[in-house]
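Participant: Below you'll find the structure I mean.
The values are calculated or read from the model by the stated rules, or taken from the named source; none is laboratory data. Predicted model, so just to flag it, every value in this text is computed and none were measured. Neighbour counts are summed over all protein chains in view; Cβ atoms, including those assigned to glycine, are modelled from backbone coordinates with ideal geometry. We work out accessible area using only protein heavy atoms, side chains counted, and drop any ligands, DNA or RNA first. Shrake-Rupley method; radii C 1.70, N 1.55, O 1.52, S 1.80 Å.
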Amino acid sequence: MRKDEVVVSGMGVMTPLGNTVEQLWQNIIQQKCAAKNWDDLETQGFRTTIACRLMDPSIPNDGTRGQIMALRAVQQALTQANIAINRDVGVFVGTTMGESFAFEEAASGKPLDISKATGNVFAKTILKHFNFEGPTAAFGTACAAGNYAIGAAAQAVRSGRVKLAIAGGVDPFSRIAMVGFSRSRAMTPDFCRPFDLNRKGMQLGEGAAFLILETYENALKRHTTPLAIIGELGLSCDAYHHTKPNENGFEMGQAMQNALKASGINSKQVNWICAHGSGTMASDAAEALAIKNIFGERNTWVSGLKGALGHSLGAATAMEAVICVKSLLHKTVPPTVNHLELPSDFGIKIAVEPIIMENMDWVLNCGYAFGGINSALLIGKV
């Protein structure tokens, strides 16, 4: 292993299925689902009232909710990585809605302080709270934003721009997003069923997940055990439609191929694909075709985690990246919760229960967003 390889040395999460990495992993493996009906959404007249939300009463439902989730996840990651004070730390955050409560208040007539609402508030809050002095970056690439943040952070570490990087994503529950997805008829009335014949749409979630990135050499100098390797990030863009992917899945596949090529590995070396798996008709069909085109028919295990966690928008790929690292450590492919029947023409190999593997070398974390934004991040064993 090269000394300049970028590795993960710490992780932290706040999710509807657990507020520690171990809780999240155990609940995913036990095939639990976070979706439940919410009385407040019913009272407020939402068409869809089932969602995946954190049930921690210590986190307020106000304009600080996302920041508190982010700080708690980052603290977990710093503790695991054994980092107390280190000023040369970059902060890279992906988000879709930002601190959306501020926008919701503005809709009711209250003044809007844009500096407290946009995505950069998370990066600035982390930097200030932990007294770091490195660069910050916020990525608003919607549902691919977590991958973008992790990929950019890895590049900053590789280039020597920073010694350490905090990278991930955060999105608190957004009523604005709930209304938007519901009105666009993209939301399921019951449960999200990734890649299922009877899938009816996505399910909104929330959460935060962050990883500590550094070079392998730096981790060894600090006597810290690396957890996984961050490989290359493959990107592409359909530029096909505002909300719908190109049905041929070509550009989704191109993002996967770009990640493989940049990392110098072939498709046979990938043991598991952590798919976007939003549970919508168009996206799942296009993604299944892309996977089949790049990896062959039913060759590589595929899971969609949004049946368990919901879709946490900009935090989704960051939360899934954490699960990817755990899968490598435990040599286990996580199950696709709520999946019942695969369409006959999909041609992919879905994991419906945990799959133990003798060897897991690489996993591919995929996330796609409106506007045809496609991302695929390779994560490997140390």
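Participant: I'd like to check something: does the stretch 294-302 contain any residue that is open to solvent by less than 50 Å² (accessible area, probe 1.4 Å) and within 22 Å of LEU204 (Cα to Cα)?
Facilitator: Looking for residues that are open to solvent by less than 50 Å² (accessible area, probe 1.4 Å) and within 22 Å of LEU204 (Cα to Cα), one finds at least one in the stretch 294-302, hence yes.
Participant: Pull out all pairs, ordered by first then second residue, where Cβ-Cβ is under 7 Å, the residues are six or more apart or on different chains, the first lies in the stretch 358-370 and is closer than 14 Å to GLY264 by Cα and open to solvent by less than 60 Å² (accessible area, probe 1.4 Å), and the second is hydrophobic (A, V, I, L, M, F, W, C) and in a loop (DSSP other than H, G, I, E, B).
Facilitator: Here the result reads TRP362/ILE265, each pair linking the stretch 358-370 to a residue that is hydrophobic (A, V, I, L, M, F, W, C) and in a loop (DSSP other than H, G, I, E, B).
Participant: Restricting to the stretch 104-119, count the residues that are in contact (Cβ under 8 Å) with a residue 24 or more places away in the chain, surrounded by fewer than 19 Cβ atoms within 10 Å (Cβ to Cβ) and within 17 Å of GLY314 (Cα to Cα).
Facilitator: The total comes to 0.
Participant: Can you name the number of the only condition in (1) among the aromatic types (Phe, Trp, Tyr); (2) without any contact (Cβ under 8 Å) to a residue 60 or more places away in the chain; (3) not in a loop (DSSP other than H, G, I, E, B) that PHE132 fails?
Facilitator: Here PHE132 meets the rest and fails (3).
Participant: Then there is this: Could you list, ordered by first residue, the pairs with Cβ atoms under 8 Å in which the first is in the stretch 65-88 and of a type in the set (Ser, Thr, Tyr) and modelled with pLDDT of 95 or more and the second is open to solvent by less than 80 Å² (accessible area, probe 1.4 Å) and outside any loop (DSSP other than H, G, I, E, B), at least 6 apart or interchain?
Facilitator: What qualifies is THR79/GLY10; THR79/GLY12.
Participant: OK, next. Evaluate the following for LYS306: is it closer than 18 Å to GLY168 by Cα, touching a helix residue (DSSP H, G or I) at 6+ places or on another chain (Cβ under 6 Å) and not aliphatic (A, V, I, L, M)? Before the answer, list the steps.
Facilitator: Values: closer than 18 Å to GLY168 by Cα: yes; touching a helix residue (DSSP H, G or I) at 6+ places or on another chain (Cβ under 6 Å): no; not aliphatic (A, V, I, L, M): yes.
So LYS306 fails the test.
Participant: Among the residues of the stretch 313-330, is there at least one that is in a loop (DSSP other than H, G, I, E, B), at pLDDT 95 or above and out of contact with any Ser or Thr (no Cβ under 9 Å at 6 or more places or on another chain)? I'd like the intermediate steps shown before the answer.
Facilitator: Here is the first cut: in the stretch 313-330, the ones in a loop (DSSP other than H, G, I, E, B) are none.
No: zero hits.
Participant: Could you tell me how many of the residues in the stretch 333-357 are open to solvent by less than 10 Å² (accessible area, probe 1.4 Å) and of a type in the set (S, T, N, Q)?
Facilitator: 1
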